[in-house]
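J.: Please see the structure below; I have some questions.
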Amino acid sequence: MTTQTFKVGDLTVHRIIEMECGFTPALEFLPKLTPELLNENRQWMKTPEALDPQDRLVLCFQSYIVQTGRHNILVDSCVGNDKNRPARPLWHHKKDTVFMDGLKKIGLSVNDIHFVLCTHLHVDHVGWNTRLENGRWVPTFPNARYLFSKTELDFWLAENAKEEVPPIADSVIPILEAKRADMVRSDHSLNDLVSLIPTPGHTIDHYAVTLGKGGKEGVITGDLIHTPLQARYPDLAMRIDYDPLQSSATRWKFLETYCDTSTVCCFAHFPTPSRGYVKRWGDGFKCEYITG
């Protein structure tokens, strides 16, 4: 169990890390990446470890919990337990206490979460939306409103109608059936300290989450970027991006927007410490990590 806590302006933010490991071979994860380019970048990717000895990208699977003083807001709900994920042995029918131990360590229970924000509806961002109870999938956070982009939700419901998409069937539809979901636009403001901004491309209507007055103090990226290698080379699209050209344009815009600012960028999948400031690096960018 690893939980890390830090301040973003007046907000308290916690990382609950479900797992962090070498996950997919870099050359598979980023189809445009060449062995030569990977070799050029191998050395700097060791600190912090973003590439393991088998040339797999090290990805962190985590939730961010934002405490405003009035609300406890969970951003992305990781992988979850008991889910049928045969293609991913690490996730398949997982049964551990890591996520719940992380909640407990910061003094929260599932009853204390007021909002769950899903930046998009991929498997590793909706898993703990539900948990198995007496053979049924029920909302893990019974008092929370779950905020889904309507465009994103409509897309995945249509896909699920053609052929079952397991994370939609077990981690999204039960939330709708329990009437705990709010369908919003991807530029929705939750309050004056937490807002959504559209960052499409990885999925059809992916959003990021801005923090603080005017959204300037922090931002939680979701999957508009997965690895520091994509910061240095923003045109490297991830293999399952819905629209690779759009995802690249979104990455460039995001990195240009936050480059050389005081905005703390909280990256969904970057290796620990996962947060820092965007700085220019040659023709691309890098994360100047915050380690304190």
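The values are calculated or read from the model by the stated rules, or taken from the named source; none is laboratory data. Please read all numbers here as calculations on a predicted model, not as lab measurements. Cβ atoms come from the backbone with ideal geometry, glycine included; neighbour counts cover every protein chain shown.
J.: If I filter region 111-129 down to residues being more than 22 Å from H226 (Cα to Cα) and either out of contact with any Leu (no Cβ under 7 Å at 6 or more places or on another chain) or among the small types (G, A, S) (or both), which single residue comes out as surrounded by the fewest Cβ atoms within 10 Å (Cβ to Cβ)? Quick ask: steps written out before the conclusion?
T.: If we filter region 111-129 for residues that are more than 22 Å from H226 (Cα to Cα), which is where we start, we get 111-115.
Restricting the remaining residues to those that are either out of contact with any Leu (no Cβ under 7 Å at 6 or more places or on another chain) or among the small types (G, A, S) (or both) gives 111-112, 114.
Values: N111: 9, D112: 17, H114: 16.
Going through the qualifying residues, I end up with N111.
J.: Now, a different point. I want to confirm something. Restricting to region 230-259 and keeping residues that are part of a loop (DSSP other than H, G, I, E, B) and within 19 Å of I197 (Cβ to Cβ), which single residue is farthest from the chain's Cα centre (by Cα)?
T.: Taking region 230-259 as the starting set, the residues that turn out to be part of a loop (DSSP other than H, G, I, E, B) are 233-243, 259.
With within 19 Å of I197 (Cβ to Cβ) added as a condition, the list becomes 234, 241-243, 259.
Numbers: P234: 18, D241: 14, Y242: 16, D243: 18, C259: 20 Å.
Filtering region 230-259 for residues that are part of a loop (DSSP other than H, G, I, E, B) and within 19 Å of I197 (Cβ to Cβ), the one farthest from the chain's Cα centre (by Cα) comes out as C259.
J.: Taking strands (runs of 3 or more DSSP E) that do not extend beyond region 1-94, which have at least 2 residues that are at pLDDT 95 or above and over 30 Å from P166 (Cβ atoms)?
T.: Values: elements: 2-8, 11-25, 56-67, 72-75.
The strands (runs of 3 or more DSSP E) meeting that bar are 2-8, 11-25.
J.: For region 122-130, does any single residue satisfy the condition of being more than 19 Å from the chain's Cα centre (by Cα) and assigned to a loop (DSSP other than H, G, I, E, B)? Break it down stepwise before answering.
T.: Looking only at region 122-130, we keep the residues that are more than 19 Å from the chain's Cα centre (by Cα), and these are none.
Among the residues of region 122-130, not one is more than 19 Å from the chain's Cα centre (by Cα) and assigned to a loop (DSSP other than H, G, I, E, B), which makes the answer no.
J.: OK, next. Checking the conditions here, which among L103, L57, L90 is of a type outside the set (D, E, K, R) and more than 30 Å from R136 (Cβ to Cβ)? Steps first, please.
T.: Values: L103 fails: more than 30 Å from R136 (Cβ to Cβ); L90 fails: more than 30 Å from R136 (Cβ to Cβ).
Matching residue, one of L103, L57, L90: L57.
J.: Which one is surrounded by the fewest Cβ atoms within 10 Å (Cβ to Cβ), of the residues in region 6-65 that are without any contact (Cβ under 8 Å) to a residue 12 or more places away in the chain, farther than 30 Å from L108 by Cβ and of a type in the set (D, E, K, R)?
T.: Only one residue fits best here, namely E36.
J.: For region 16-57, what are the residues that are touching a strand residue (DSSP E or B) at 6+ places or on another chain (Cβ under 9 Å) and of a type in the set (K, R)?
T.: Answer for region 16-57, where residues must be touching a strand residue (DSSP E or B) at 6+ places or on another chain (Cβ under 9 Å) and of a type in the set (K, R): R42, R56.
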